[in-house]
Each structure stands twice: as structure tokens, then as C-alpha cells.
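Each reported figure results from applying straightforward, stated rules to the coordinates on display, with no laboratory input. All values reported here derive from a predicted model rather than from experimental measurement. Methodologically, a virtual Cβ is constructed for each residue, glycine included, from the backbone with ideal geometry; neighbour enumeration extends over all protein chains shown.
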Amino acid sequence: MSIKSDTWIRKMAREHKMIEPFAEKQVSIGVISFGLSSYGYDIRIADEFKIFTNINTAIVDPKAFDTKSFVDFRGDVCIIPPNSFALGRSMEYFRVPRNVMTICVGKSTYARCGIITNVTPLEPEWEGYITLEISNTTPLPARIYANEGIAQILFFESDEICEISYGDRKGKYQRQQGITIPKV
């Protein structure tokens, strides 16, 4: 298995629509950077969010998640309350090849402010918009800027094709279009 370079990512984006829309180079003037980097792709966060709130004193249960635990918000700047989190989605739509696995890591600009982005790996043949979990680990409100960089995707290509892909399993998060809450 090997990590893939900007040349491979560019080729896969052009020929196989692996990332749409695709920024051919790193955009960084006046924004938190996004686009193609040396060994990855910096994704942007869209302008729609689900901000966690505990006004209903709900219990967080991944098997029976109460949608009333979120407040829907759309805008250029999302404020995440102290010691809380929000869900967002990538602006980019992904089509992961059968012999590729991805790992997502947060951007250092946010991490240095105590804002952590979490995404599970994108498995072979997974497709859709990425649901992102953004945690504010600080005791202060935190700003997230829509349409700017939020995390970096690293691509790993296997020497062999997997026996059963996420697409073959008909995974529950396949082809998600918006912010997707937990499913069982």
C-alpha cells in the first residue's frame, strides 16, 4: 500500500471524477487553505451545519439518536458552543476507487485553536459527500468558516483489489447527499 501524490490525485479527479468539484492547486490567499496538496487534498466545509445542543437534556445514543439534539444552521460562519460540536458536510463529492482507502486529518489552523475535525476513513467504493464532526474542545465559542478548508484527505492505494468493498456491502452511508446523522 502506498500514499498517493498530487499527480495521481489530479489524474483520478480528471479521469474518474474522484473529487467534484476539484481545485487543481492549493488556494490559500485570505482563506483557510483548500485544494490539491503534495500528498493529499484539503476539503472545504459547506455552509450547512447541525449544531449540537442539550436544551432537551437528551442522552446521546448512536442507536437511537434524537434529532432534536441538533439545531440546523446555514451561513458563512458557524459558531460552535464551548465544549460542544457540530456536524457539517464537505463541499466535494467523492467516488473512492475499489483499490483505495482514505484517511482524513484535521487542518492545523483549526487544531491550533482547539478545534478538532473527525471523519472515519472513506472505504473502497464509498461515494458521497463527507459528513464531518467538528469538536470545539475549548471553554469559548469557536468560529468555523464555510466554503474554506476544514480537513485533509490522504489517499492510500493497495497493491491488490479488496474482496468486498463498501459498495458491495451496500453500506448505510453510501451516496449520502447531506449531513447524515448516526444510523444503525
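Some notes on this structure:
- Placing +1 on each Lys and Arg Cβ and -1 on each Asp and Glu Cβ, with no other charges, gives the chain a dipole about its Cα centre of roughly 240 debye.
- Three-way shape label, segment 9-98, alpha-carbon gyration tensor, a/c 1.5: prolate
- Within the shell defined by Cβ-Cβ distances under 15 Å, the residues around residue 132 carry a net charge of -2, with Lys and Arg each +1 and Asp and Glu each -1.
- The fewest-to-most ranking of 133, 160, 24 by surrounding Cβ atoms within 10 Å reads 160, 24, 133.
- Test item: Cα-centred dipole of segment 60-131, Lys/Arg +1 and Asp/Glu -1 on Cβ, debye: 160 debye
- A dipole drawn for segment 1-133 from +1 and -1 charges on Cβ atoms has a positive end, and of 27, 85, 57 the residue lying farthest that way is 27.
- Checked against a 32 Å cut-off, the cross-linked pairs 25/68; 17/170; 17/183; 25/183; 17/68 give Cα-Cα distances beyond that limit for 25/68; 25/183; 17/68.
- Along its three principal directions, the equivalent ellipsoid of segment 135-184 from the Cα gyration tensor extends over semi-axes of 31, 17, 11 Å, largest first.
- Between segment 99-168 and segment 23-43, the alpha-carbon center distance in angstrom: 14 Å
- The length gained on full extension between residue 25 and residue 181, counted as 0.36 nm times the residue separation minus their Cα-Cα distance, comes to 53.0 nm.
- Computed over the chain, the Cα gyration tensor eigenvalues convert (square root of 5λ each) into semi-axes of 28, 21, 13 Å, ordered from largest to smallest.
- Proxy reagent accessibility, fewest Cβ within 10 Å first, across 104, 162: 162, 104
- Debye log10 I(q)/I(0) at q = 0.11, 0.18 Å⁻¹ for segment 91-183, Cα point scatterers: -0.37, -0.86
- Charge dipole of segment 1-100 (Cα centre as origin; +1 on each Lys and Arg Cβ, -1 on each Asp and Glu Cβ, all else neutral): 400 debye, rounded to the nearest 20.
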